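Working notes for the structure below.
The values are calculated or read from the model by the stated rules, or taken from the named source; none is laboratory data. All values reported here derive from a predicted model rather than from experimental measurement. Methodologically, a virtual Cβ is constructed for each residue, glycine included, from the backbone with ideal geometry; neighbour enumeration extends over all protein chains shown. Ligands, DNA and RNA are excluded from the accessible area calculation, which covers all protein heavy atoms including side chains. Shrake-Rupley method; radii C 1.70, N 1.55, O 1.52, S 1.80 Å.
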Amino acid sequence: MPELKLFFSPRACSLACHIALEESGLPFTAEIVKIRERQHKSGEYLRVNPWGKIPAMLVDGEVLTETHAILSYIGDLAPADKVLMPRDDPLLRAHAHEWMNFLSATVHIAFRPLFRPNYLIGDESLYPKLREVGVPIFQKALLEVDKRLSGKTWALGDNYSVVDPYLFVFYMWSQRADVVEFSPPLPIWKELWERLYEREATQRALATEGIMPENIWLA
Ligand SMILES: N[C@@H](CCC(=O)N[C@@H](CS)C(=O)NCC(=O)O)C(=O)O
């Protein structure tokens, strides 16, 4: 079994990988790299991931980046009885990738005007304009997730997969104290999130990241 080491920042998209690792039962270590303290731009972390983004995972010392890729890898590596990534059904596997790509390329990015306007535009006086344009796009992306979850227990249907912890993270972001006023009602996603929150693996990852009921929705 390869040696796995995840680099995470509390509440970042790395939380999806963290939960998936806990679900997998695979042995792993996790190292905190605090984005708020700009540790992801420190020389030490840049030696691991010169792109300076979280997450990164070392697999026997080899660096793997991108949440989608890390989740797929964890899903494939997990013991067969876990089935965190569909194995024998090419179309279902494609749906897993469809979800993860949508979450990474569309949903994650849709938070930018709210979280990191400085990544999109230099002039702070234009932030309100950016928000005006970005919030409807953000809302449309979130509503699309809620719609796609309709009638499903988990993202892929009846079975839990690595897609689900990825959905856990973005719902949590959507309910952050400074974001919730911009988020549309997401009743189906909320129910999925609650099912995920109850799982022991989720609770273990949250505890390691210092995310408690009293601080879960803080910015
Ligand atoms: N496409 C990457 C995006 C990674 C990413 O942007 N991570 C954020 C945390 S959620 C980060 O490192 N932010 C700090 C920064 O961009 O400076 C992925 O899906 O893993």
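Separation of the stretch 133-190 and the stretch 21-80, taken as the distance between their Cα centroids, equals 23 angstrom. Here the 3J(HN,Hα) profile of the stretch 25-39, calculated from phi with Karplus coefficients 6.51, -1.76 and 1.60 at θ = phi - 60°, is x, 6, x, 7, 10, 9, 10, 7, 10, 7, 4, 4, 9, 6, 5 Hz, Gly and Pro shown as x.
To put it simply, the accessible area of the chain at a 1.4 Å probe is 54 percent carbon and sulfur. Taking a ≥ b ≥ c as the square roots of the Cα gyration tensor eigenvalues, the stretch 47-93 comes out prolate, since a/c reaches at least 1.5 and a/b is larger than b/c. With the charge dipole of the stretch 127-192 set up from +1 on Lys and Arg Cβ and -1 on Asp and Glu Cβ about the Cα centre, the Cα lying farthest toward the positive end among the listed residues N159, P184, M172 is that of P184.
The trypsin sites (Lys or Arg not before Pro) found in the stretch 67-102 that occupy coil by DSSP, while having at most 13 further C-beta atoms within 10 Å, are R87.
Each residue of the stretch 206-219 is assigned a 3J(HN,Hα), and the resulting list reads 4, 4, 4, 8, x, 9, 10, x, 6, 10, 4, 9, 6, 6 Hz, derived from the Karplus form 6.51 cos²θ - 1.76 cosθ + 1.60 (θ = phi - 60°), x at Gly and Pro. Each of the peptides 21-29, 182-190 was scored by the mean count of other Cβ atoms within 10 Å over its residues; in descending order, highest first, they stand as 21-29, 182-190. Length gained on full extension, A69 to I137: 22.0 nm, using 0.36 nm per residue less the C-alpha separation. Entry comment: accessible area of the chain is 50 Å² per residue, from protein heavy atoms only and a probe of 1.4 Å. Model label points for T153 and R47, set 7 angstrom from Cα along the Cα-to-Cβ axis, are 4.7 nm apart. May I ask you to list the residues of the stretch 1-18 whose amide nitrogen lies under 11 Å from a point 7 Å from Cα along the Cα→beta-carbon direction of T29? The answer is 4-6, whose backbone nitrogens lie closer than 11 Å to the label point. Modelled spin labels at E124 and Q39, positioned 7 Å past Cα toward Cβ, are 2.8 nm from each other. Which of rounded, prolate or oblate describes the chain when judged by the alpha-carbon gyration tensor and an a/c cut-off of 1.5? Verdict is oblate for the chain.
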